[in-house]
1. So which residue, out of LYS86, LYS13, LYS108, gets the largest mean-square fluctuation from a GNM of the chain using Cα contacts under 10 Å as springs?
2. Can you give the log10 of the normalised intensity I(q)/I(0) at q = 0.14 Å⁻¹, computed with Debye over equal Cα scatterers of segment 188-333?
3. With every protein chain present, what is the per residue accessible area of segment 27-332 (1.4 Å probe, Å²)?
4. In whole percent, and with a 1.4 Å probe on the protein chains, what portion of the accessible area of the chain is carbon and sulfur?
5. Could you state the number of Å between the C-alpha centres of segment 231-304 and segment 110-142?
6. Would you list which lysines come within 25 Å of LYS86, measuring only between C-alpha atoms, while excluding same-chain residues fewer than 8 positions from it?
7. Count neighbours as other Cβ atoms within 10 Å of each site's Cβ, and list the chymotrypsin sites (Phe, Trp or Tyr not before Pro) in segment 111-150 that are DSSP loop with at most 12 such neighbours.
8. Using only the alpha-carbon atoms of segment 36-123, report the extent along each of the three principal axes, biggest first, to the nearest angstrom.
Amino acid sequence: MMNIPIRPRRNRKTVAMRGLMRETELTAAHLIYPMFVQEGEESTPIESLPGCTRWCVADIAEQCAQLYELGIRCVDLFAVVPEEKKDGAGTEAWNPEGVVPTAIAAIKAKVPDLLVMTDVALDPFNTYGQDGIVREYDNGGYEILNDETVEALCRQALCHARAGADIISPSDMMDGRVAAIRAALDSEGYTSVSILSYTAKYASAYYGPFRGALGSAPKFGDKKTYQMDPANCREALREAAADVAEGADMLMVKPATLYLDVIAALRAATHLPIAAYHVSGEYLMIKSAAASGWLDERSCMLEALLSIRRAGADMILTYAAPQVARWLAEDNA
Ligand code: PBG
């Protein structure tokens, strides 16, 4: 027998023992389900996001009732906008009869306790597929205007709050938008509507399947003058300090598994709750690898989400939310 006083394996010897030692938990209450809403009477499957659907308003409320049954307590709504409703300024974004405010009302009528979060950004609504208002120059150059965009985002946020949104989630990465949205909400008495700020949203190549779902890929250029450089972590702390000072209620890191260090850094730097977005490309990689038969979808998805929690995220936005909630319920049965 070797003389080894320290035997870490003792703490792993049975299922019950491992249960006592477990440091991180993943439950349905931690999950936020991103949902796509479209006009018309029909829901359609999303080719780029297997298992996900573009919901029509008539179906989304019923679907939300089922999600609530599964233990999911928050959804995040994204608009699918027909090309003919897009314009240079993205004005459809604050149409009170638009698909998002209509869906909020339908969901709130059916499942009042489900938290409804809404995406605030202009990319699904403007002809350029950019999150902000674009100014084009004669020499072919262009600029994404910051302050003009923030004004538009405030209109969009107010439109969602008036329809009954619980949480406004600006994903645009303009400077100063958290303070401006807070002031706009408060000016109309929506002091209890929360703001989840996309604090550290990176100019990632992993958003492709999402842009496919919405038809919102940028028509030219990229998003690098507002989304963050994937090389940077200190800069995320600077963004976080600004969001805290501007009154954000929650911070977000996006993508998630490729940026666990950023989640951990924010966790150490702030007391605010932290969300992480397991984005479309991260989801699709697991789904595709599982479809090939060489990865087990359930264990890989759960491991990925658990790693995000372990890094320090309180909540996770994931397209796998309903499936994960079902798996977790089976585990507890
Ligand atoms: C745009 C937005 C994007 C995502 C959420 N909001 C894409 C982008 O910035 O181009 C990506 C989500 C995903 O990939 O799952 N405001």
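The values are calculated or read from the model by the stated rules, or taken from the named source; none is laboratory data. Predicted model only: the values in this text are computed from it and were never measured. No Cβ is skipped: glycine too gets one built from the backbone with ideal geometry, and neighbour counts run over all protein chains shown. Note: areas computed on protein heavy atoms with side chains; ligands, DNA, RNA excluded. Shrake-Rupley method; radii C 1.70, N 1.55, O 1.52, S 1.80 Å.
1. LYS13
2. -0.74
3. Working: 12420 Å² over 306 residues.
Here the per-residue accessible area is 41 Å².
4. Details: 8000 of 15310 Å².
Carbon and sulfur: 52 percent of the exposed surface of the chain.
5. Centre-to-centre distance over Cα atoms comes out at 21 Å.
6. Output for LYS86: LYS201, LYS219, LYS223, LYS224.
7. On the way: sites: PHE125, TYR128, TYR137, TYR142; in loops: PHE125, TYR128, TYR137.
When the chymotrypsin sites (Phe, Trp or Tyr not before Pro) of segment 111-150 are filtered for loop state and at most 12 Cβ neighbours within 10 Å, TYR137 remain.
8. Between the extreme Cα coordinates on each principal axis of segment 36-123 lie 41, 28, 22 Å.
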